[in-house]
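A.B. asks: Questions regarding the structure given below will be posed in turn.
Values in this text are rule-based calculations from the coordinates and carry no lab data. Quick caveat, the model's predicted, so the values are computed rather than measured. Heads up, the Cβs are rebuilt from the backbone with ideal geometry, glycines too, and the neighbour counts pull from every protein chain shown.
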Amino acid sequence: MGNGYWQIVLRVNLTTGEISKEKVAESIWKKYLGGSGYGAKVLYDEVGPDVAPYDAENRLIFAAGPLQAAKQTGAAKFTVISKSPVTGIFGESAAGGTWGASFKAAGYDALIVQGKAAKPVYLQINDDDVEICDASKYWGSDAYDAADGILGDCGLEKASICTIGQAGENKVAIACIVVDKHSFAGRCGLGAVMGAKNLKAVVARGSKATPVYDAEKLKGLNKDINKSIHDNTKDWLRLHGTPFVEIGCDQAGDTPTKNWQLGGWPEGAEKLGVPAYTDTLEAKPHACSSCVVGCHRDITVAEPQEYAMKGPGPEYESLGMLGNNCLMDDVKALSKMNDLCNRYGVDSISMGSFLGFTMDLLEKGIIKPEDIGGVDLKWGDKENMIRLIHELGMKKPGFGELFADGIVPAAKKFGPEAEELAPHVKGLDLPAHDPRAFFALAVNYATGSVGPHHERGNPQVASGGFLLPEAGVSEEVDRFKMEDSEYVAAKYQDYGTLTQAICHCKFMFFGGYSLTNMLETMNALTGWDWSMEEMLRTAERIFTLQRMVNVKYGIDRKDDKLPAAMFKASEDGGRAGKAPHDFEEALDRYYDLRGWDNTGIPTHATVSSLGIE
């Protein structure tokens, strides 16, 4: 019988051209599962503090998990892990499409890329055949054109592809990885790591079925789970996608309005949210492999001509950061901006953050137009927003070069006043959810393994009835309660850690996918006969190992902090008069709960008890 793993890792050294396949014992997968769990182990073991993100000896890990053997809804995910050029610490981002399933079907659980090719290359994985191929003619192409061209050259039926655009090639720190022109490993700048390695793309095609422990049990689980999730999401998440939450987030004071200065923007949210989004853009569902939800949007903008595009539409995060954050309410213009980010291979969250931050600095007189190449960028200035996206994607002088290394280096060039206004934690820009609207989110952002992340915890959903009773969160949480915020943050971080390690889409949670569903699926796949306690303990182990990676890279309590703006209450909106308080005391409780010392470092007793080697 199988256990949902091949126990095979593919390793490629681009400097030497060496390709090897390594057997990895079941005991390792049992401890770290796959995805960001296995990736954390590789970084801890192989990438020291002296290795910079763009160094050849940094590792770039593409990791599947056991769920890619399941063909269950949500099982299209895979995870990319590296030392982040944005933060200099543990970096990880997940994507969907079909790549994870295709790679798993080729007979591998993970791919580790090291070294740097002498010229642009792409990696072609076709079952047991693995080749390093010349990509010189595609260097300089955007991510979409490169995907079409390389797949045409490969001639592999039903192959999937990860590509980078010009931003990755130019080592723009917020460059992302584009999957099948449809899904995006967006955060932490891992596309720039690909670019630093002269790696334009990774193609995967597989024809094998991963052996599992109890195929009949798994089949029954899939049938029940898929039906339940479809029924629970068809009237909102399938119908409208993530833009469905835009208006509700604005009403709760959860959007990053005007560089986090305002408590809401209802008139803008109405134009960006649904039904306006769905109707205006002719939006239709687009599903990743095996998914019954189809939360991604396929959209069409026919006119005006300057915004014309057809393809993936903006998610809520793009609406929040390019829209609310910049007071830009034209959903067609925003769709064009999003399309440009996708093609250049740029994280739209950080892009929106850079633009809103720049608007704020210009309005306050901290910088002048000549500091960004002569562009007088105003709030809602869609033409100049589009211009600056082009400039960053191509790393042009002015705005492009200023923000090429991230928001922190850019802010430092303009002094303490600018640094205080930069909305980041550990160098990573805040996503489009406000910790003043959900206090547990403040603890989550400050302590998250990659920095602030909307999907590596999102404890705010506990205030909306999306609970984790198996982990001890069984009642709806008061979003403005600081007491126990550390507990809620930790439990949702552990849940997020599990989903990124087994490689499952956390959006299934909104369709009713429970920890019990996860456990039953895991046991059917692996035959490990885990208890709930064992599975949750594994999440703690992985999260702690990720913290140990960051400690190795110099992170401690001094870095677990929030921007000053997150402690300033607004006068209006759904969070009027509210802001996290007694934050340091909550951090003390969080460290104690995690078994870390008061500087934020896991104790020897904790490391030993979790079985981390």
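A.B. asks: Looking at region 297-311 only, could you name the residues that are surrounded by fewer than 23 Cβ atoms within 10 Å (Cβ to Cβ) and under 23 Å from the mean Cα position of the chain (by Cα)?
C.D. replies: Within region 297-311, Asp298, Gly311 meet the criteria.
A.B. asks: Looking at region 227-249, which of the residues that are among the acidic types (Asp, Glu) and more than 22 Å from the chain's Cα centre (by Cα) is surrounded by the most Cβ atoms within 10 Å (Cβ to Cβ)?
C.D. replies: Here the answer is Asp231.
A.B. asks: When only residues in region 48-95 that are among the aliphatic types (A, V, I, L, M) and surrounded by fewer than 24 Cβ atoms within 10 Å (Cβ to Cβ) count, which is farthest from Ile612 (Cα to Cα)?
C.D. replies: Ala56
A.B. asks: Can I ask one more? Scan Gly264, Gly311 and give me the residue that is touching a residue at least 60 places away in the same chain (Cβ under 8 Å) and part of a strand (DSSP E or B).
C.D. replies: Gly311
A.B. asks: Just give me the residues in region 1-55 being more than 17 Å from Ala69 (Cα to Cα), of a type in the set (Val, Ile, Thr) and assigned to a strand (DSSP E or B), in sequence order.
C.D. replies: Result: Val12, Ile19.
One line per residue, one yes/no per condition, for (1) of a type in the set (Ser, Thr, Tyr); (2) closer than 26 Å to Trp99 by Cα:
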residue	(1), (2)
Ala471	no, no
Glu475	no, no
Gln500	no, yes
Cys505	no, yes
Phe509	no, yes
Ser514	yes, yes
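A.B. asks: Of the residues Arg387, Arg343, only one is closer than 30 Å to Asp148 by Cβ and either touching a residue at least 24 places away in the same chain (Cβ under 8 Å) or in contact with a strand residue (DSSP E or B) (Cβ under 6 Å, 6 or more places away or on another chain) (or both); which?
C.D. replies: Arg343
A.B. asks: Checking the conditions here, which among Asp250, Asp254 is in a helix (DSSP H, G or I) and among the acidic types (Asp, Glu)?
C.D. replies: Every option except Asp250 fails the conditions.
Condition check ((1) within 30 Å of Glu246 (Cβ to Cβ); (2) touching a Gly at 6+ places or on another chain (Cβ under 8 Å); (3) part of a helix (DSSP H, G or I); (4) among the charged types (D, E, K, R)) across all residues:
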residue	(1), (2), (3), (4)
Met548	no, no, yes, no
Lys558	no, no, yes, yes
Gly577	yes, no, no, no
Glu584	no, no, yes, yes
Asp592	no, no, yes, yes
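A.B. asks: What do you reckon, is Gly88 in a loop (DSSP other than H, G, I, E, B) and under 25 Å from Gln546 (Cα atoms)?
C.D. replies: Considered against the rule, which asks whether it is in a loop (DSSP other than H, G, I, E, B) and under 25 Å from Gln546 (Cα atoms), Gly88 comes out as yes.
A.B. asks: Moving to a separate point now. Could you tell me whether any residue of region 185-205 is within 30 Å of Glu26 (Cβ to Cβ) and more than 22 Å from the chain's Cα centre (by Cα)?
C.D. replies: yes
A.B. asks: Follow-up question, since we're still on this one. Within region 180-198, can one find any residue that is in contact (Cβ under 8 Å) with a residue 60 or more places away in the chain, more than 22 Å from Glu455 (Cβ to Cβ), surrounded by 18 or more Cβ atoms within 10 Å (Cβ to Cβ) and touching a helix residue (DSSP H, G or I) at 6+ places or on another chain (Cβ under 8 Å)?
C.D. replies: Taking every residue of region 180-198 in turn, none turns out to be in contact (Cβ under 8 Å) with a residue 60 or more places away in the chain, more than 22 Å from Glu455 (Cβ to Cβ), surrounded by 18 or more Cβ atoms within 10 Å (Cβ to Cβ) and touching a helix residue (DSSP H, G or I) at 6+ places or on another chain (Cβ under 8 Å).
Rundown of residues vs (1) charged (D, E, K, R); (2) buried (at least 16 other Cβ atoms within 10 Å of the Cβ); (3) within 23 Å of Pro53 (Cα to Cα), yes/no style:
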position	(1), (2), (3)
Ala147	no, yes, no
Glu157	yes, no, no
Thr163	no, yes, yes
Glu169	yes, yes, yes
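A.B. asks: Still on this structure, please answer the following. Filtering region 317-338 down to residues that are within 20 Å of Ile174 (Cα to Cα) and surrounded by fewer than 24 Cβ atoms within 10 Å (Cβ to Cβ), which residue is nearest to the chain's Cα centre (by Cα)?
C.D. replies: The selected residue is Glu317.
A.B. asks: Additional query: Residues to consider are Ala422, Ala446; find the one that is out of contact with any strand residue (DSSP E or B) (no Cβ under 8 Å at 6 or more places or on another chain), in contact (Cβ under 8 Å) with a residue 12 or more places away in the chain and either surrounded by fewer than 24 Cβ atoms within 10 Å (Cβ to Cβ) or not polar (S, T, N, Q) (or both).
C.D. replies: The unique qualifying residue is Ala422.
A.B. asks: Limited to region 460-515, what total is found for residues that are on the phi > 0 side of the Ramachandran plot and touching a Gly at 6+ places or on another chain (Cβ under 8 Å)?
C.D. replies: Summing the residues that are on the phi > 0 side of the Ramachandran plot and touching a Gly at 6+ places or on another chain (Cβ under 8 Å) in region 460-515 gives 1.
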